[in-house]
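Student: So that we are looking at the same thing, I have put the structure below in structure tokens.
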Amino acid sequence: MNDEKNKFPSSFVSNQFVNYIEAREIKATVEALGNTISQRYQGQDLVLIGVLKGSMVFLADLIREIKGVKIYVDFVKLQAVGRSKENHGTITISKDFTTNLMDRNVLIVEEIVDTGRALSFLQKRIMLSSPRSLEVVTLFDKPYKRTVNIQPDMTGKKIDDHFIVGYGLDLEDFGRNFEQLYYLKYPN
């Protein structure tokens, strides 16, 4: 962690964070996903809906890798209200998409899928807009954390059951700007 950009502040115990996935591996994964999307939607229009805040870094890099596709970008922000250790809470929309999705190809862009609750909620919400097609791309996937029966259509990398920070993912709004991924060695 010599690089200043990837340095944890003194308020964090930095030896609790372990380097997990290097920036070059993330970049190669994003390039491969961009190539897959380019082939799948070649010559078509595609609306990408990023789920804030975590997907913003992935989405920004991904759209630069998509070739031969006319893309539109929109965002949603979801949150779990009433969440506790005993209750997953109710998923609500705090920022909705504004693009007309009727009869259009739509791709939900997630940085990570774990329980799948928020993704399932968003898919149902988008289907109310009658898209031509609806698919999901995720950079990271934790399939063994699922609480609902849902699978991304395109997955960059399946990861272990770690709390991860970096490349858009945060811990208390810190670490989103890290180019590589770290995991928390000792759960807090």
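No lab work stands behind these numbers, since they all come straight from the coordinates. Keep in mind the model is a prediction, meaning the values are calculated, not measured. A quick note on method: Cβ atoms are made from the backbone with ideal geometry, for glycine too, and the neighbour counts reach across all protein chains shown.
Student: Using R₀ = 30 Å, calculate the FRET efficiency as 1/(1 + (r/R₀)^6) where r is the Cβ-Cβ separation of Asp173 and Thr90; round to 0.05. Write out the running numbers ahead of the final one.
Tutor: Working: r = 23 Å, r/R0 = 0.76.
Between Asp173 and Thr90 the formula returns 0.85.
Student: Given H placed on each backbone N at 1.01 Å, which residues far from Leu48 in sequence or on other chains put an amide H within less than 5 Å of it?
Tutor: Placed amide hydrogens put Tyr72, Val73, Asp74, Leu107 under 5 Å from Leu48.
Student: Starting from the amide H of Ser55, placed 1.01 Å from N in the peptide plane, find each other amide H under 5 Å away whose residue is 5 or more places distant or on another chain.
Tutor: Here Glu111 satisfy the definition.
Student: Taking the Cα-to-Cβ direction at Ile150 and at Gln123 and moving 7 Å from each Cα, how far apart do the two end points lie in nm?
Tutor: Computed distance between label sites Ile150 and Gln123 equals 0.7 nm.
Student: Compute the Kirkwood hydrodynamic radius of the chain, taking the inverse of the mean of 1/r over all pairs of distinct Cα atoms, and give it in Å to one decimal.
Tutor: Values: mean 1/r = 0.0578 Å⁻¹.
Across the chain, the inverse of the average 1/r is 17.3 Å.
Student: Please order Phe121, Phe163 by the number of other Cβ within 10 Å, starting at the fewest.
Tutor: Values: Phe121 17, Phe163 14.
In increasing order of surrounding Cβ atoms, one gets Phe163, Phe121.
Student: What fraction of the DSSP beta bridges in the chain is antiparallel, stated in percent and rounded to the nearest 5? Walk me through the intermediate numbers first.
Tutor: Numbers: 13 of 37 bridges.
Counting only bridges with both partners in the chain, antiparallel ones make up about 35 percent.
Student: Let me ask something additional. Would you compute, from DSSP H runs of 4+ residues alone, the mean residue ellipticity of the chain at 222 nm, taking -39500 (n - 2.57) per run and dividing by the full residue count, rounded to the nearest 500? Don't skip to the answer; put the middle values down first.
Tutor: On the way: 3 runs with 39 residues, N = 188.
Value at 222 nm, helices only, nearest 500: -6500 deg cm²/dmol.
Student: Can you classify region 104-156 as rounded, prolate or oblate using the Cα gyration tensor, where a ≥ b ≥ c are the square roots of its eigenvalues, rounded means a/c under 1.5, and otherwise it's prolate if a/b beats b/c and oblate if not?
Tutor: Taking the square roots of the gyration eigenvalues as a ≥ b ≥ c, region 104-156 is oblate.
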